[in-house]
1. Can you bin every Cα-Cα distance in segment 65-168 into 10 Å intervals starting at zero and give me the percent of pairs per bin, rounded to whole numbers?
2. For segment 241-297, count the residues as N, evaluate 2.2 N^0.38 Å, and divide the Cα radius of gyration by that value, please.
3. Order these by the 10 Å Cβ neighbour count, fewest first: Cys311, Cys93.
4. I need Trp170, Trp194 ordered by Cβ neighbour count within 10 Å, fewest first.
Amino acid sequence: MAFPNVSDIIATTIEKRSRKVADNVTKNNALLMTLRNRGGRANRPFSGGRIIYEELSFSENGNAGFYSGYDLLPVAAQDVISAAQFDIKQAACPVTVSGLEELMNAGPEQMIDLIAARMDVAESTMQNLIAASIYSDGTGSSGKEITGLNAAVPLDPSTGLYGGIDRGTWTFWRNKFKNSASTTTLLEDMNGLWASQVRGADRPDLIVVDNTVWLAYVKALQAQQRFTAMTGGGTAGFGFPTLMYMDAKVVLDGGIGGACPAGTAFFLNTKYIHYRPHSARNFVSLSPNKRYSINQDAEVQILAWAGNLTCSGAQFQGRLDVNP
């Protein structure tokens, strides 16, 4: 449906307007932007293949043990390495402009390139789509959606297949989960969940929360007067409001359009959870040249993305379900 006051062709020509399109499209996408900018193993583009593999060790080597003198040592082959498997998911946003619109948006009267402005909106739309899908369970759009956190860190960690591995059979592939009966016990429940995820230097380094948990956490800290909220650069959540818990960043992914499930805090160890875009399909135009309709005076550009959210250590991820 067209905007009721002014069409985009008028809005991008000389009708007494500024030379900038104000973004009223992009929603809160803290988790997506954090993973995209985090570096290391959190953001790991791949370049090809039929399936995205995450190699992992799932068992100790049974040959290990003590011995004395000339004791015979066990040398049986040990099957201790496997891989989780994730399909490549795809998303696209076509952008069209008619020949008449191009004529109207040309010459000295043009103040904003129409198709470039529409591509900006398409990119915001695509980021919203991917940001929301990162929280999905992978069943949306007939199974074409991203295999997101609702699959990687579900409410019931003991059942179902994830990455081709049966959680009912393999306990190492189960995330940690805790139900918080009240926001009044939030800090205590966070302490218990965090402790259950620690293995040596491995521990949660990113906690993503919705509005309910964010407000309860801020309230709990304000009562103790011992916290500082941060915004801005890389150490402060890439511009998103950020608090600290232990040495993990607590990031709000509620706000306007945030997709974090209500009453939820994801305790993520980004060493083992990965944003995996394809290097050739990472918010790019499918063709740098113009695509024309065969039987219409129209041009089409397609903004495309391919990849998935993957995991190589489900037991290091946690989920707190908070009942307000």
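1. Computed distribution, short to long bins: 11, 24, 17, 16, 13, 9, 4, 3, 2, 0.
2. Numbers: Rg = 19.6 Å, N = 57, 2.2 N^0.38 = 10.2 Å.
Relative to the 2.2 N^0.38 Å estimate, segment 241-297 comes out at 1.92.
3. On the way: Cys311 27, Cys93 19.
Going from least to most buried by this count: Cys93, Cys311.
4. Working: Trp170 15, Trp194 20.
If I rank by nearby Cβ atoms, fewest first, I get Trp170, Trp194.
Where a number appears in this text, it was derived from the coordinates with a stated rule and is not lab data. Small disclaimer: the values here were computed from a predicted structure and weren't measured. With ideal geometry, Cβ positions are generated from the backbone for all residues, glycine too; neighbour counts draw on all protein chains shown.
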